[in-house]
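The values are calculated or read from the model by the stated rules, or taken from the named source; none is laboratory data. Quick caveat, the model's predicted, so the values are computed rather than measured. Quick reminder, even Gly has a Cβ in these numbers, built from the backbone with ideal geometry, and neighbours come from all protein chains shown. Accessible surface is based on the protein model in full, side chains and every heavy atom, while ligands, DNA and RNA are left aside. Shrake-Rupley method; radii C 1.70, N 1.55, O 1.52, S 1.80 Å.
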Amino acid sequence: MLQYIFQNKLAEDNRSPIFTWTVSGHQYGFFQFEIIFWIQVFAIVLLVGLFACLMWTITYHGILQRRGTTSSFLIGFGIVCPLMVWFPFWLLQYLDVSNKIIRFCSSAIYPVVTVFHTIEAMYGFCPGGVEDSYWNYILYNACVLDIQYELNKKTEKKHPIKSTIRDQLMILLNFVKYLFLLGIYISLLSTRVEPYITNANGNEPGFELAHLIDFNLFRNNMVATILFQMTLTTFTIALSGMVSIMFGVKTSEAMKNPVFESTSPSDFWGKRWNLIIHGSLKRGVFKPVYKKCSSKAWAVLATFLASGAFHEYLLLVVFWDGKHKGIDIAFGKNTAFMLWNAGIVTVEHFIGNSFVFQWIKRTFPRPLVTFMILCTALPIAHWFIHPYSKTGVFDDLVLGFPMVK
């Protein structure tokens, strides 16, 4: 069954247009998305989730029940985390998965989140109520997204809000909306993630400071950042729908339009961008480090360093299959990008409440404030973007979306 699902390698865009038309001598066609693309996405996530469930069981009985003991740390750092990191490599090799987006999905959700949830379990920073029962802990990990709770007045305990058919239909409609919106955006780009000519390449060793003032690079980074946001939004909505149907609970949004609505660097990273990872890093890295050293600056640095490390891991999973010979990845650039932003957030912590910055927030139009915030990262965003855009990752993405070309 699995071999049948994954027999289509989705390595090339061989779609035929449903219909075509000609404008000013140029022929265009409308291409339907590959349904098998989304079937493979859901299948790979479920398979990794099933293995992760075994890890959560070990964590609940071997760590939560023995927190603070030597054995709990040995189980966490010696068994659960290494096995969870290793499993996608084995699964992808077994299923012979080639599509880079499918490979990315195998590692970007359950392996990363489970590692940080395991660390938070060892250090005692699980959210309230999660440890009350085995089912609560499994549900917390399986949902990945933050579950919405309501207070039961009789028991005075919080219980997950159940999702209704209407909730699930709204998620489906939202997913379809973003499916077409992202398809339109990809169509406008004509699959070119870098529409403006530049010599900059963030997927090469070294750091060229002259590129910091390359306006075309700045514009390309903005185009790609919007693409990243729309892609993450689409996939997290799909994940929300899967969770809602499987577990019957309502979850919170993972992406809150950071590129167009952020009011500060900390607002961008802490309240809007990929809140799945934010929550995991906050409880699994920031709080344990802050507890040890009582320094917010060091805790922020450790958090962004951990973020950089897991992004390097994602790149390793995507390209570690022996089929991408000739493609070199500049490992370390993702971490450098995250450390840069750690510095920005730390500086904000010390001077963000000063008169000039508060005056800017109150006086300037919000879109301008947001753009100024983006300018703290866009000049070096290619350190993060190019390992994906220069290696054909986005070429594999287009298969999942309707488009015109």
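One Cα centroid belongs to the range 149-219, the other to the range 1-23; the line between them spans 23 Å. The Rg/Rh ratio for the range 104-177, using Cα coordinates for both the radius of gyration and the Kirkwood hydrodynamic radius, is 1.04. For the residue pairs LYS100/LYS177; LYS250/LYS390; LYS157/LYS250; LYS162/LYS287, alpha carbon separations beyond 26 Å are given by LYS250/LYS390; LYS162/LYS287. Here the accessible area is traced with a 1.4 Å probe on the protein chains. For the range 274-405, carbon and sulfur cover 67 percent of it.
With each label modelled as a point 7 angstrom along the Cα→C-beta vector, the LEU54-GLN168 pair spans 2.9 nm. The Cα trace of the range 166-221 gives Rg and Dmax of 17.5, 53 Å, the first to one decimal, the second as a whole number. In the range 296-367, Rg over Rh equals 1.21, where Rg is the alpha-carbon radius of gyration and Rh the Kirkwood radius from pairwise Cα distances. Treating the Cα atoms of the range 93-216 as identical point scatterers in vacuum, please give the log10 of the normalised Debye intensity I(q)/I(0) at q = 0.13, 0.14 Å⁻¹, two decimals. Debye intensities relative to I(0), on a log10 scale: -0.94, -1.01.
With q set to 0.19, 0.20, 0.22 Å⁻¹, the log10 of I(q)/I(0) for the range 246-327, from the Debye formula over equal scatterers at the Cα positions, is -0.94, -0.97, -1.04. For the range 68-197, the dipole from Cβ point charges (+1 on Lys and Arg, -1 on Asp and Glu) about the Cα centre works out to 360 debye, to the nearest 20.
Taking 7 Å steps out from each Cα toward its Cβ at SER16 and TYR149 produces label points 5.5 nm apart. The translational diffusion coefficient of the range 323-405, from Stokes-Einstein at 20 °C and 1.002 mPa s with a Kirkwood hydrodynamic radius over alpha carbon pairs, comes to 135 µm²/s.
Rounded to whole Å, give me the distance from the Cα center of the range 84-129 to that of the range 377-405. Going from one Cα centre to the other spans 22 Å. Bridgeable lysines around LYS292 (alpha carbons under 18 Å apart, same-chain partners fewer than 8 residues away excluded): LYS282. Of the peptides 200-211, 30-41, the ranking by mean beta-carbon count within 10 Å, highest at the top, reads 30-41, 200-211. Ellipsoid semi-axes for the range 119-162, based on the Cα gyration tensor and the rule √(5λ), read 19, 12, 9 Å when sorted largest first. The charge dipole of the range 207-298, taken about the Cα centre with unit charges on the Cβ atoms of Lys, Arg (+1) and Asp, Glu (-1), comes to about 620 debye, rounded to the nearest 20.
Summarised as an ellipsoid, the range 266-405 has semi-axes of 31, 22, 13 Å, derived from the eigenvalues of the Cα gyration tensor scaled by 5 and square-rooted, with the largest first.
A simple count of charges around GLY206, restricted to other residues whose Cβ falls under 14 Å of its Cβ and scoring Lys, Arg +1 and Asp, Glu -1, yields -2. Would you work out which of LEU46, PHE218, GLN358 lies farthest towards the positive end of the dipole of the chain? Charges go on Cβ: Lys and Arg +1, Asp and Glu -1. Farthest towards the positive end: GLN358. Each Lys and Arg adds +1 at its Cβ and each Asp and Glu adds -1 at its Cβ; summed about the Cα centre, the chain shows a dipole of about 1040 debye. Normalised by residue count, the range 144-186 yields a Cα convex hull volume of 85 Å³ per residue.
Listed values for the range 119-128 are Karplus-derived 3J(HN,Hα) couplings in whole Hz (6.51 cos²θ - 1.76 cosθ + 1.60, θ = phi - 60°), namely 5, 5, 5, 5, 9, x, 10, 5, x, x, and x replaces Gly and Pro.
A protection proxy built from the mean count of other Cβ atoms within 10 Å ranks the segments 21-29, 363-371, 59-67, most packed first, as 59-67, 363-371, 21-29. Shown here: the chain, whose C-alpha atoms stretch 70, 61, 45 Å along the first, second and third principal axes, sorted largest to smallest. Which translational diffusion coefficient, to the nearest whole µm²/s, is obtained for the range 1-146 from the Stokes-Einstein equation, given a Kirkwood hydrodynamic radius over C-alpha pairs, 10 °C and 1.306 mPa s? Calculated translational D: 91 µm²/s. What number results when the radius of gyration of the range 54-129, computed over Cα atoms, is divided by 2.2 N^0.38 Å? Working it through for the range 54-129, the quotient is 1.22. Give the shape of the range 332-378 as rounded, prolate or oblate, defined through the alpha-carbon gyration tensor: a ≥ b ≥ c are the square roots of its eigenvalues, a/c under 1.5 means rounded, and otherwise the shape is prolate if a/b is larger than b/c and oblate if not. Verdict is oblate for the range 332-378. The listed peptides 46-56, 225-235, ordered by packing as a protection proxy, come out as 225-235, 46-56 (highest mean of other Cβ atoms within 10 Å first). Per the Cα gyration tensor, the range 15-76 maps to an equivalent ellipsoid with semi-axes of 53, 11, 6 Å, ordered largest to smallest. Its DSSP H runs of at least 4 residues, each contributing -39,500 (n - 2.57), put the calculated 222 nm mean residue ellipticity of the chain at -18500 deg cm²/dmol, to the nearest 500.
With a Förster radius of 22 Å applied to the beta-carbon distance between PHE355 and LEU212, the computed FRET efficiency rounds to 0.20. For LYS157 and ILE36, the FRET efficiency from 1/(1 + (r/R0)^6), where r spans their Cβ atoms and R0 equals 56 Å, is about 0.80.
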